[in-house]
Amino acid sequence: MNAAELRAWQQRHGYTYASAAASLGVCRATYANFLAKEGDLPRMLALACAAIGFGIALASSQPRG
């Protein structure tokens, strides 16, 4: 997953920056950093996005940073 794919995931789910970050358990600044990064994003982020896409709730929605 890259930043463009993450942005598409956000739009597909109708998330704002804040709600996307919260659903992934990261703070808004970390989410913004993901969107600004070039190249591949961490695999765990792609897996979390896929899980949310399949309706699987993540264990914690508390931002971690």
request  = Report the longest stretch of the chain that contains none of the trypsin sites (Lys or Arg not before Pro) sitting in a DSSP loop with at most 15 other Cβ atoms within 10 Å.
outcome  = 1-36
query = Under a point spin-label approximation (7 Å from Cα along Cα-to-Cβ), what is the ARG12-LEU47 distance to one decimal in nm?
reply = 1.9
ask   = Treating the beta-carbon of each Lys and Arg as +1 and of each Asp and Glu as -1, no other charges, what is the dipole magnitude of region 3-53 about its Cα centre, to the nearest 20 debye?
value = 100
ask   = For the chain, which chymotrypsin sites (Phe, Trp or Tyr not before Pro) are in a loop by DSSP, counting at most 16 other Cβ atoms within 10 Å?
value = PHE54
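Bear in mind that the values in this text are calculations on the coordinates, not laboratory data. Only a predicted model underlies this, so the values are computations on that prediction, with no experimental measurement involved. Neighbour counts run over all protein chains shown; Cβ positions are idealised from the backbone, glycine included.
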